[in-house]
Structure formats: C-alpha cells, structure tokens
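First comes the structure, then the notes that go with it.
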Amino acid sequence: MSLVKSISGIRGTIGGRVGEGLNPVDIVRFTAAYATQRRAALPANNLVVVGRDARVSGKMVSELVCGTLIGMGYDVCNIGLATTPTTELAVTAEKAAGGIILTASHNPKQWNALKLLNENGEFLSDAEGKQVLALAETENFCFAQVDELGIITDKDYLPYHVNNVLSLSLVDKEAIEKADFKVVIDCVNSVGGIAIPALLRALGVKHITCLNCNPDGQFAHNPEPIPQNLTQISDVLRKGGADVGFVVDPDVDRLAIVCENGDMFVEEYTLVSVADYVLSHTKGNTVSNLSSSRALADITRAHGCQYSASAVGEVNVVAEMKRTGAVIGGEGNGGVIYPASHYGRDALVGVALFLSLLAHKKMKVSQLKQTYPQYSISKNRIELSADMNVDEVLERVKEAFANEKIDTRDGVKIDFEDGWVHLRRSNTEPIIRVYSEADSMEHADFLASKVINLVKKQ
C-alpha cells in the first residue's frame, strides 16, 4: 500500500493501515486540515466545491470528504462526477473558498487522491500546501457545533463548462460543424465518457465513435494516455473512416491525439499544435515545463514570440505563465492551459481548439504533425529503493555532466547540444522520472541510458 503526501494533496492506494494507504482516517484528517487552512485564509467564506472522477472508490471518498467539510462548518457544492477542469471552473463560479477534486489522475484504479484548490480554482501554492501538511500532522482541528454544521447542495457544472469552451473566441464552431469530422474517443470509463461526447455534440460533431465511455471506473486499460496504452483506439482508426482520435485520462485534464491512420500524434504535440493555432491569432509568450518538448519553443520563436520553462507541476507552469503574461501554456503530457478560459489543464479546451485548427488547416492530422519540428521523447523511470537517497543521486549526475548546461530548478536537467535529459523525483509515485529528447527515439534512448546507467552503477 502507498500513501504520497505532497503540497498538492494526498494520493494513495485504497485501504491499508493508517498512514500506509488512502483510508477513511487519512481522508478525514487531510480534509479537516485543508478546511482549517482555508478557514484561516478566508474566514468569511464557508463554501467548498467537491468533484470526483469515476473511480470505484470515488463515492466512498466523496462521502467522507463532504461529511468532514460540513462537520467543519463548511457548506459543500457537490458537483458529483466532474472533470478536474470542470471543478476548477465551478470554484470561481460559486465564489467558493476552494475546491477538492477526488482523482488520482492517470494512476490505476486502486489509487485515489485529494487534489486541493484555492479560491481561484487553482492548485494551492507551495506555502499553502505545506500549511495543510503541517496541520494534518498536528491534527489541530476545531469541528463545528451542531447548529453550525454545513449543508450539501448538488449541482451539475458540465453545461457551464461546455458553454465556457464554446464562448472562447478562437473556438470556431461553424468551421468545425462544416468540416463534418468523424471522431473516435477513448475515455477510459471515467468522467470523460460524459464530458467529451457532450462537448463534441455542442461543437456540431455528428459522427462520434465512443470507446470505453461508461463511467464505472473499470479502466479498460492503463489509464495514462501514452502510446503503449492506446492500441485499441489506434486499431479502430487504422481501419479507416475517421478523421481523428482523442484520448483523455480519468479526470480529463490531459489530452492525447491519434492520427487518422492510427499513428500517435504524440501527447507532446497536443500543446505544440494548440499553441501554434493560438499564436497565429494572438501573439504572446508561451510556457511549458522543463520535461516538455523543445518543439514548443521552436514554434513560439517562429511566431516571433518568447518561450520560457518552469519546474514540473501545474502550479509552477501557471505561476510562470502569470509572471510572463503567457497567452498559452501547459505541459508535454497533453495538458493545455489557456488563460482565456482558466488557469488549469483542460482537455475540453484542447479538443475544441485542436478541431478549430484542423478545420482551418484543411489537412489530415498526420499531415499536420509533419508541419512541426520533429523530436522524439523517451520517458523512463527508476524505481526508488528503500536505501536510495534521491538528493545524492541527483548530485552525482550533476557532477558527472558538469561540462554540459545544467538546470537544477527541478531535479537535474542536462542540455546537450543534440538533446536533453531531465531527472526528477515524481510528485505522484515512488520513482525518479527520466525524460530525454532528441531528433530520433534511438538517440533519445541513448541519452537516457547514459544517465540511467550512471545511476544504477552507484
């Protein structure tokens, strides 16, 4: 059993002993800690939004979270089965003190998590997250008296979210409807199975083939939307008759695209293509994280604009976007952040902007991919053993490649002339992530192996 505590929330496998897995005691403890932190930050606001993905454990976790919040004197706007970006939008629409999203994102079905939002519908800052962790350790909570208990109100925020997307000036519903796209979607039997078809219908898409769209939490494959997990939708597209495939993760903040011939568009290029479309209409800065493709920087400079990188993590990308006034940003895992909508990764926004781009370009998805700089990213991991000191590992790597350009803002990133390698401790799993990029997969694998072999020799 695993329990990962971080500034962005608490994530773990369901069950186990207290402190070892995500169980009712820890769920209540961290919810109460979050409520205490929010009360100190916004004492006059007693409303929190709660949304969840379709995981098997979701209803249990939701009832514990909602019950704890009303026990702390908070009213709860329970939006039920809802995507992460839907929940983020609901926080600001409700003028709430914050929100809790119950999802373990791309993790398998035995995992769940509490993702914690501030009053802007954005993830807690580093300082706020540390306050929650400290409060959870001390258990210094004050529960409400009987006449001060909160109440729960149920609402459906999906129509609000879809209307928000359709209202964006760069979402061209008329062009999408005219293009008469045939779209295949894989929503891994989670909330995307509700949200993505609703969005596509609202955009005027009449031909939708749904794979794994029953939101019962029984994931039909590993839910991370990466190529090795997407063979089913790839096979469907390879048979012909469809224009594009879209795949989302369980909480619908990541978007992977599949070409009409069944080939992967590659998740790194979700943000690249959407940014290309946005920059062609709105000049401005772009941001992605240190583990994302160089292609975004290339596209940004081709439009005469400036690119900058942040540490990995949505909260870090958003902070850099605000600092630079970026018009588009996100992460190379298929996460698109479009401030004209809100500061959060949003697959619904990604789908609408990509279809608008495709309708304007009037070309096949595979042809569109070839118009962008061609890089390959190799994504590897090193399992953490009990005796492994991550800080020492990263320091040894830094020393071994001291003659290269090194960035230590988030782990260690080594910029070679012909590619890069980035090592960092995962925020969500007990692993070191090792990402590398070059002009071919063979070269990217070679660069990664140089670093991984160095680590394993220690």
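The values are calculated or read from the model by the stated rules, or taken from the named source; none is laboratory data. Just so it is clear, the model here is predicted, and its values are computed rather than measured. Positions of Cβ are backbone-derived with ideal geometry, glycine not excepted, and every protein chain shown enters the neighbour counts.
Under 21 Å from PRO85 (Cβ atoms) and crowded, with 22+ Cβ neighbours inside 10 Å: which single residue out of ILE196, ILE226, ILE233 fits that description?
Being under 21 Å from PRO85 (Cβ atoms) and crowded, with 22+ Cβ neighbours inside 10 Å holds for just one of ILE196, ILE226, ILE233, which is ILE196.
Kindly list the number of the only condition in (1) surrounded by fewer than 20 Cβ atoms within 10 Å (Cβ to Cβ); (2) over 18 Å from ASN78 (Cα atoms); (3) among the hydroxyl-bearing types (Ser, Thr, Tyr) that fails for TYR160.
For TYR160, the failing item is (2).
Tell me which of these GLY241 doesn't satisfy, since it passes every other one: (1) buried (at least 23 other Cβ atoms within 10 Å of the Cβ); (2) out of contact with any Phe, Trp or Tyr (no Cβ under 9 Å at 6 or more places or on another chain).
Among (1) buried (at least 23 other Cβ atoms within 10 Å of the Cβ); (2) out of contact with any Phe, Trp or Tyr (no Cβ under 9 Å at 6 or more places or on another chain), GLY241 violates only (1).
Select from the range 321-338 the residues that are more than 12 Å from LEU170 (Cβ to Cβ) and outside any strand (DSSP E or B) and list them in ascending order.
Matches in the range 321-338: MET321, LYS322, ARG323, THR324, GLY325, ALA326, GLY332, ASN333, GLY334.
Conditions tested, residue by residue: (1) over 23 Å from the mean Cα position of the chain (by Cα); (2) among the aromatic types (Phe, Trp, Tyr); (3) farther than 15 Å from SER293 by Cα; (4) not assigned by TED's automatic domain parsing to the domain that holds ASP263.
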| position | (1), (2), (3), (4) |
| --- | --- |
| ARG381 | no, no, yes, yes |
| GLU392 | yes, no, yes, yes |
| VAL397 | yes, no, yes, yes |
| PHE401 | yes, yes, yes, yes |
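Hey, among VAL412, VAL455, which residue is in contact (Cβ under 8 Å) with a residue 24 or more places away in the chain and touching a helix residue (DSSP H, G or I) at 6+ places or on another chain (Cβ under 8 Å)?
Selected residue: VAL455, the only one of VAL412, VAL455 that is in contact (Cβ under 8 Å) with a residue 24 or more places away in the chain and touching a helix residue (DSSP H, G or I) at 6+ places or on another chain (Cβ under 8 Å).
Quick grid of which residues meet (1) surrounded by 24 or more Cβ atoms within 10 Å (Cβ to Cβ); (2) closer than 30 Å to ASP147 by Cβ:
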position: GLY58; (1), (2): no, no
position: GLU63; (1), (2): no, yes
position: THR84; (1), (2): yes, no
position: ALA96; (1), (2): yes, yes
position: GLN110; (1), (2): no, no
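Among GLY67, GLY73, GLY80, which is the only one that is outside the structural domain of VAL349 (by TED's automatic domain parsing), in a helix (DSSP H, G or I) and surrounded by fewer than 24 Cβ atoms within 10 Å (Cβ to Cβ)?
Within the list GLY67, GLY73, GLY80, the selection yields GLY67.
Yes/no per residue for (1) among the acidic types (Asp, Glu); (2) over 30 Å from ASP410 (Cβ atoms):
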{"site": "LEU64", "(1), (2)": "no, yes"}
{"site": "GLY67", "(1), (2)": "no, yes"}
{"site": "TYR74", "(1), (2)": "no, yes"}
{"site": "GLN131", "(1), (2)": "no, no"}
{"site": "GLU137", "(1), (2)": "yes, no"}
{"site": "LYS155", "(1), (2)": "no, yes"}
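Pick from VAL336, VAL327: which is crowded, with 19+ Cβ neighbours inside 10 Å and closer than 18 Å to LEU358 by Cβ?
The match here is VAL336.
Taking the range 112-156 only, how many residues are assigned to a helix (DSSP H, G or I) and farther than 22 Å from ASP53 by Cβ?
14
Out of VAL50, VAL61, VAL56, report the one residue that is in a loop (DSSP other than H, G, I, E, B), under 26 Å from the mean Cα position of the chain (by Cα) and farther than 18 Å from LYS130 by Cβ.
Residue meeting the stated conditions: VAL56.
Scan the range 180-193 for residues that are on the phi < 0 side of the Ramachandran plot and surrounded by fewer than 19 Cβ atoms within 10 Å (Cβ to Cβ) and report the count.
1
Is it true that TYR343 is farther than 22 Å from SER8 by Cβ and among the aromatic types (Phe, Trp, Tyr)?
Against the criterion (farther than 22 Å from SER8 by Cβ and among the aromatic types (Phe, Trp, Tyr)), TYR343 does not qualify.
Do you know which residues across the range 90-111 are on the phi < 0 side of the Ramachandran plot, among the hydroxyl-bearing types (Ser, Thr, Tyr) and in a loop (DSSP other than H, G, I, E, B)?
THR103
Here's a check for you: in the range 112-128, which residue that is more than 22 Å from ILE14 (Cα to Cα) and of a type in the set (Gly, Ala, Ser) is surrounded by the most Cβ atoms within 10 Å (Cβ to Cβ)?
GLY121
Mind listing whichever residues of the range 13-47 are at pLDDT below 95 and small (Gly, Ala, Ser)?
Passing the criteria: GLY15, GLY16, GLY19, GLY21.
Which ones in the range 119-131 are touching a residue at least 60 places away in the same chain (Cβ under 8 Å) and either closer than 16 Å to MET321 by Cα or not charged (D, E, K, R) (or both)?
ASN120, GLY121, GLU122, PHE123, LEU124, SER125, GLY129, GLN131
Can you list the strands (runs of 3 or more DSSP E) found entirely within the range 352-441 that contain at least 3 residues being surrounded by 15 or more Cβ atoms within 10 Å (Cβ to Cβ)?
Answer list for the range 352-441: 376-383, 412-416, 419-425, 431-438.
Being charged (D, E, K, R) and closer than 20 Å to GLY344 by Cβ is the requirement here; does ASP75 meet it?
no
Just to verify a result, which residue in the range 47-71, among those that are of a type outside the set (A, V, I, L, M, F, W, C) and touching a Gly at 6+ places or on another chain (Cβ under 6 Å), is farthest from ASP251 (Cα to Cα)?
Checked the range 47-71; the qualifying residue farthest from ASP251 (Cα to Cα) is ARG55.
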